[in-house]
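The values are calculated or read from the model by the stated rules, or taken from the named source; none is laboratory data. None of the values given here were measured: they were computed from a predicted structure. Cβ: placed from backbone, ideal geometry, glycine included. Neighbour counts: every protein chain shown.
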Amino acid sequence: MILSVLSSPTFVSGLMVARAKKQVHSILFPILVFHDTSGLHLLLGLDFSAMIFLIVYIGAIAISFQFIIMMFHIQIAEIHEDVLGYLPVSGIIGLIFWWEMFFILDNETIPLLPTQRNTTSLRYTFYAIKVRSWTNLETLGHLLYTYYSVWFLVPSLISLVSIIRAIVLTMHRTTHGAVKRQDVFQRNAISFRRTIMRRPTDPIMR
Amino acid sequence: MMLEHILVLSAYLFSIGIYGLITSQNMVRALMCLELILNAVNINFVTFSDFFDSRQLKGNIFSIFVIAIAAAEVAIGSAIVSSIYRTRKSTRINQSTLLNK
């Protein structure tokens with residue numbers, strides 16, 4: 001039941017991502033999808049992955065998109081004039097895609113017809129978890145830093161590339177409206193006595 | 001809570017992401033649908049690793065790498081979008097054929 005509560009906003013929001021008309025709504029719907037994905041991770045018992053989703057996806061990626069939309073006045077609303085021209089070929093591809101998806105769904109798992117069948121889920125119990133249970137963080141750390149340590153260092157290099165992106169984006173000099181920056185020597189040359197002055201309507205001044 | 005329900009959810013998000021990515025005229029919306037696709041792939045990996053690999057969680061580890069790649073790709077994609085917007089003042093994908101002149 002909790003899964004359906006979590007996944008029903010996902011169904012609506014996923015569709016609204018492709019169809020949102022206003023600028024602000026087009027980033028709020030992916031935020032809702034990421035919230036539900038994080039809750040899904042909590043249901044699966046992976047608490048660390050859920051928090052990572054909240055911090056990285058919503059806190060970094062969605063905020064970055066929001067700044068891009070806010071700063072550049074990008075018009076999100078578009079006119080769907082030519083979408084139906086895609087329909088023959090893409091419809092066939094979509095139908096093949098979903099036909100292959102339905103191989104994993106037998107008649108027993110979709111309760112379209114309410115048959116009283118005892119369905120067993122694909123989960124089998126590990127008894128090692130009852131002796132000493134590892135948290136999600138312990139499991140990930142046990143593998144990431146020992147066996148997959150080289151693989152762990154590669155995303156750090158990729159993050160370095162994204163840091164360089166952030167620097168390049170603000171140092172772009174040849175823009176139409178020039179990027180504002182401060183001249184350090186001019187800042188230091190301003191003296192207090194010449195800059196700040198009293199107005200004549202000040203009651204303190206004679 | 002069964003395995004197939006979550007897989008259907010991830011397949012639905014994946015197909016909605018591909019639909020939005022193909023039929024969007026705006027670059028920012030295409031990038032957001034790409035995030036949706038990567039999110040659906042993450043759900044798929046994590047679900048399979050949780051149901052079948054509870055001791056080692058290799059799918060969970062791979063989903064961490066996918067999160068890192070997605071963050072870097074958002075960074076670089078938005079840098080490209082902003083530089084295109086600065087020179088052309090619009091972010092329509094239809095206009096990319098203007099380079100052919």
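Given the structure, is A:Leu46 more than 9 Å from every other protein chain (Cβ to nearest Cβ), touching a helix residue (DSSP H, G or I) at 6+ places or on another chain (Cβ under 7 Å) and closer than 22 Å to B:Val66 by Cβ?
No; evaluated as a whole, the condition is false for this residue.
Could you give every pair whose Cβ atoms fall below 9 Å, whose first residue belongs to region A:138-160 and is in contact (Cβ under 8 Å) with a residue 12 or more places away in the chain and facing another protein chain (nearest Cβ under 8 Å), and whose second residue is among the small types (Gly, Ala, Ser) and surrounded by 11 or more Cβ atoms within 10 Å (Cβ to Cβ), counting only separations of at least 6 or pairs across chains?
Note: pairs meeting the criteria are A:Leu140/A:Ser49.
Any idea which residue in region B:49-62 is farthest from A:Ala62 (Cα to Cα), counting only those that are within 7 Å of another protein chain (Cβ to nearest Cβ) and in a helix (DSSP H, G or I)?
Residue satisfying both the conditions and the ranking: B:Phe51.
Identify, by number, the condition in (1) at pLDDT 80 or above; (2) of a type in the set (A, V, I, L, M); (3) over 20 Å from the mean Cα position of the chain (by Cα) that A:Ile61 doesn't meet.
(3)
Would you confirm whether any residue within region A:14-23 is within 22 Å of A:Ser159 (Cβ to Cβ) and either in contact with an Asp or Glu (Cβ under 7 Å, 6 or more places away or on another chain) or buried (at least 20 other Cβ atoms within 10 Å of the Cβ) (or both)?
So far as region A:14-23 goes, no, none of its residues is within 22 Å of A:Ser159 (Cβ to Cβ) and either in contact with an Asp or Glu (Cβ under 7 Å, 6 or more places away or on another chain) or buried (at least 20 other Cβ atoms within 10 Å of the Cβ) (or both).
Looking at (1) at the interface with another protein chain (Cβ under 7 Å from one of its Cβ atoms); (2) out of contact with any Phe, Trp or Tyr (no Cβ under 7 Å at 6 or more places or on another chain), can you tell me which one B:Lys89 breaks?
Every condition holds for B:Lys89 apart from (1).
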